[in-house]
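Data first, discussion second: the structure below is written as structure tokens.
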Amino acid sequence: MVNLHRFANPTWFVKITTAILPWVVGITALLMGYGFWQALFVSPPDYQMGEAVRIMYVHVPAAYMAMMVYGAMAVASAVALIWRHPVADVAAKASAPIGAGFTLLALVTGMLWGQPMWGAFWVWDARLTSVLILFFIYLAYIGIWTSIDDPLRAGRAAAILALVGSVNLPIIHYSVDWWNTLHQPASLLRAGGPSVDAGMLPALLSLVFGYTTFYVMVLIWRMHRELVVRRIRALQLLHAQE
Amino acid sequence: MAFSGRNLTCTRGGRTVFRDLTFDVAAGAALLLRGPNGSGKSSLLRMAAGFLPPAAGHFAWDGNPATADDLRARVAWVGHADATKAAFTVAENAAFWIRLGGGDSSATGRALASMGIDHLADLPAGVLSAGQRRRLNLCRLAAGAAPLWLLDEPTSSLDDASVTGLIAMLQQHLDRGGALVVATHVDLPLRPSATLSLGASR
Amino acid sequence: MNTFAVIVARDVRLALRHGGGTMWALLFYLLTVTLFPLAVGPEPEMLARISGGVIWVAALLAALLSLDRLFQSDFEDGSLELLALSPAPLEVVVLAKSLAHWLTTGLPLAAFAPLMGLLLNLHPSAWGVLVLAMLLGTPVLSLIGAIGAALTVGIRRGGMLLSLVVVPFFVPTLIFGVSAVDAAAGGLTPRPHLLLLAALLLGAAALAPWAAAAALRLNLE
């Protein structure tokens, strides 16, 4: 049997992440500051959508992060499940609400963007629908975590769900695309979507990286907090035993 | 066919229940687990059945370390709940578990008689009393061939006559060369038997 | 194989006995289908257009409703421990219980689908495809449902969480199932949709027992 206690002390993790955290905060502030300045003031308005195109700078990186964070969560879950590594377990748990937040942001900005484009806040666009289903999977994952009292068992159950989800997400995405092409009325079809103008790239790229470092920053905060909560719980249990 | 545990440590929900526990059960012998609530009697049984992986240490059959699958393949289990379906008759309940264990359903009648509930065979199990349900759960043991029986408080809800019947059944298992690990809070006069006290050091 | 058959036979008998799950699932199915004409109006053309989707949603909800009993009662009365100790691996036990669940919910739902098609004015030419699509799709619901049921088995009042866990994974089955019926009703070939459903079934049969057994082991600790 693997000796759990060998890995149970995540001191090294806290030490390293505490050292890099100020750098992550700084880089995030720089990237997001530059990105939003570019997005709001420098980048050109779209010839079709006008100023409404600026919602894209919030929406596209959020949609990207919704999937990126799920991927990170699935990898952390696999590590936690196979090697019983408590830091990976904490990383997966701490990622879920951040990923759900990005997913919600992608949905809301998608709706705001859709209103001027489609004349309705919600149309059953393939991408929006896929993101909505991803949001439900995040909620189910968080639901498993909050419903099982023992954090070790909750972590393993949630990890199984995260892995089942990672196998199913491509299938769901494909099936929704298929469904959408069957049902999409012609009036909503648009050719290709907005082609990305070269003037938009600095804003988009810096925001995609800025969102990523923002995720890392919040992840470190949340993991530190979760590790403290677990330490307190362990001490309470130890105290109750004596 | 000796069963043993070596340096076992049990943690549940981050709490260490016991550590560095070692025991041996020879073929034909019983090990009685004694100790206060929360001392880990049930947890040790769940580990021995392969449900709960030990945080440290291992089990062994004849000195060979046993995997969870090895453990599962050799035990008969009686837990807190009686695994009876109210919608089935007493005989149907017993027959299902006996057949699942690879036994012949013709053994059902004898199994029921071994715990003195053969006269209830055609009643729905839903009308049984707690003690009768427990006897129904215990009767499948006699029909199985598992070398190691793990029993968690098997005497709970049983009246004196049924306890005597149970002791006779357990002694018969020992006499046939089987082994027993029993968590119990009452004295079971089984021979030969050893007692393992849990939670005594604290 | 003997263990497998013994468990299937036992679960089927339990479901059919004393108003077990099958009767309730079928009644729920009929009730849900009945609500739609009352909600959207009785125009035959409208009903014909939505019938494939409505029947599939009703079947999906009926299957979902019966899923929380899949492992819960065995978990509560200690049977699951004994099933886990049976000679067969836990994955085989899961497969047996999923098959029994399908035989007692999915199969009757598929068998009664033409009756629902009749009520909703589905074109008779699509009835055969509807039944075939359901025969391929409802076992996927049972298998994926087994994962959700195994994950939520130890949770008090886990029914809502179970729905949240499994419904997103039901989406592909629903989409391909309804597409097959719509294609047949529209005079197109349902073949690609049915093949995709068959692929989902093979994938679920390979993945679900493994995942559900892992979740059950966790809950048996």
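The values are calculated or read from the model by the stated rules, or taken from the named source; none is laboratory data. If you're wondering where the values come from, they're calculated on a predicted model, not measured in any experiment. No Cβ is skipped: glycine too gets one built from the backbone with ideal geometry, and neighbour counts run over all protein chains shown. Heavy atoms of the whole protein, side chains included, go into the accessibility calculation; ligands, DNA and RNA do not. Shrake-Rupley method; radii C 1.70, N 1.55, O 1.52, S 1.80 Å.
List of remarks:
- In the range B:33-51 there is no residue matching the filter, namely being within 21 Å of C:Leu220 (Cβ to Cβ) and more than 19 Å from the chain's Cα centre (by Cα).
- Verdict on C:Ile175 being at the interface with chain A (Cβ under 7 Å from one of its Cβ atoms), in contact (Cβ under 8 Å) with a residue 40 or more places away in the chain and buried (at least 20 other Cβ atoms within 10 Å of the Cβ): no
- Of all residues in the range A:208-233, exactly one satisfies the criterion of being within 14 Å of chain B (Cβ to nearest Cβ), of a type in the set (A, V, I, L, M, F, W, C) and open to solvent by less than 50 Å² (accessible area, probe 1.4 Å), namely A:Leu227.
- Positions within the range C:8-47 being in a helix (DSSP H, G or I), touching a Ser or Thr at 6+ places or on another chain (Cβ under 8 Å), open to solvent by less than 30 Å² (accessible area, probe 1.4 Å) and within 14 Å of another protein chain (Cβ to nearest Cβ), in sequence order: C:Asp11, C:Ala15, C:Gly21, C:Thr22
- Hits in the range B:4-38 (condition: at positive phi and open to solvent by less than 30 Å² (accessible area, probe 1.4 Å)): B:Gly13, B:Gly28
- B:Pro36 out of contact with any Pro (no Cβ under 8 Å at 6 or more places or on another chain) and without any contact (Cβ under 8 Å) to a residue 40 or more places away in the chain: no
- Residue that is farthest from B:Ala29 (Cα to Cα), among those in the range B:159-179 that are within 16 Å of the chain's Cα centre (by Cα) and surrounded by fewer than 14 Cβ atoms within 10 Å (Cβ to Cβ): B:Ala168
The rows are residues; the columns are (1) farther than 26 Å from C:Thr32 by Cα; (2) without any contact (Cβ under 8 Å) to a residue 24 or more places away in the chain; (3) touching a helix residue (DSSP H, G or I) at 6+ places or on another chain (Cβ under 7 Å).
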position: C:Ser79; (1), (2), (3): yes, yes, no
position: C:Leu83; (1), (2), (3): yes, no, yes
position: C:Pro87; (1), (2), (3): yes, no, yes
position: C:Ala96; (1), (2), (3): yes, no, yes
position: C:Gly106; (1), (2), (3): no, no, yes
position: C:Leu119; (1), (2), (3): no, no, yes
position: C:Val129; (1), (2), (3): no, no, yes
position: C:Ala149; (1), (2), (3): no, no, yes
position: C:Thr152; (1), (2), (3): no, no, yes
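- Residues within the range B:48-71 that are at the interface with chain C (Cβ under 10 Å from one of its Cβ atoms), surrounded by fewer than 20 Cβ atoms within 10 Å (Cβ to Cβ) and touching a Phe, Trp or Tyr at 6+ places or on another chain (Cβ under 9 Å), tallied: 1
- Meets criteria (more than 13 Å from the chain's Cα centre (by Cα), in contact (Cβ under 8 Å) with a residue 24 or more places away in the chain, surrounded by 23 or more Cβ atoms within 10 Å (Cβ to Cβ) and farther than 21 Å from C:Ala214 by Cα) for C:Leu162: no
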